[in-house]
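Right, one structure below, let's go through it.
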Amino acid sequence: MPVLGGYQIMVEFNKAIGSFSKISGIRATTNVLDSAGPSSKGAPYQAKLPGSYGCTPVTFQAGYMIQLQSGGPWWANVEHIQAGSVNDVRGPCVITFMDTTHKPVLFVELVDAWPSKWTASDLAVQKNIAWMETIIFQCEAVKFSWDV
């Protein structure tokens with residue numbers, strides 16, 4: 001796998017492994033709710049409380065999923081989604097950032113993820129490029145871990 005900007009970036013989703021050079025959209029938001037009520041002394045108070053949680057679609061670009069053979073893990077996921085069976089493929093999508101010595105330095109998990117869109121770019125065998133694609137994952141939550 002290529003070292004990209006000092007880091008090697010690997011993606012694993014339902015037994016399919018890939019490598020991409022561009023990843024965007026890894027972010028989550030927690031909406032704020034205003035709450036008002038009386039305090040224990042009777043005076044009114046106002047507080048901000050966490051509300052609904054959401055995360056944005058995550059886009060992987062300029063890369064590939066390794067197992068491209070028929071019946072392989074990546075295509076099995078795609079076939080389920082095309083048949084409308086998203087619940088059959090929902091699962092963790094783990095993004096691993098490794099330093100130049102191949103030591104993991106950061107894990108990002110997209111919780112209950114599933115690919116909602118993928119595209120293949122032009123194939124260029126003469127340039128020794130077998131497959132380049134864009135994949136957009138939907139997810140329910142984002143978890144970061146530096147425990148390696």
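The values are calculated or read from the model by the stated rules, or taken from the named source; none is laboratory data. No experiment lies behind these values; they were computed from the predicted model shown. So basically every Cβ, Gly included, is an ideal-geometry build from the backbone, and we count neighbours across all protein chains shown. SASA here: full protein model, heavy atoms, side chains in, ligands and nucleic acids out. Shrake-Rupley method; radii C 1.70, N 1.55, O 1.52, S 1.80 Å.
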For residue 15 and residue 43, calculate 0.36 nm times their separation in residues minus their Cα-Cα distance, and state this gained length in nm to one decimal. 4.4 nm
Give the relative contact order (percent, whole number) for region 3-121; include only Cα pairs under 8 Å separated by 6+ residues. 29
Per residue solvent-accessible surface (Å²) - region 1-120, probe of 1.4 Å: 57
Expressed as a fraction of 2.2 N^0.38 Å, the rule-of-thumb size for a compact globular protein of N residues, what is the C-alpha radius of gyration of region 1-110? 1.57
How far apart, in nanometres, would the label points at residue 141 and residue 27 be if each is projected 7 angstrom from Cα along the Cα-to-Cβ direction? 2.1
Expressed in nanometres to one decimal, the distance between label points 7 Å along Cα→Cβ at residue 100 and residue 75 is 3.8
Sorted list, accessible surface of protein heavy atoms, 1.4 Å probe, largest first, for 40, 145 is 40, 145
Which net charge results when you count Lys and Arg as +1 and Asp and Glu as -1 among the other residues whose beta-carbon is under 14 Å from that of residue 118? -1
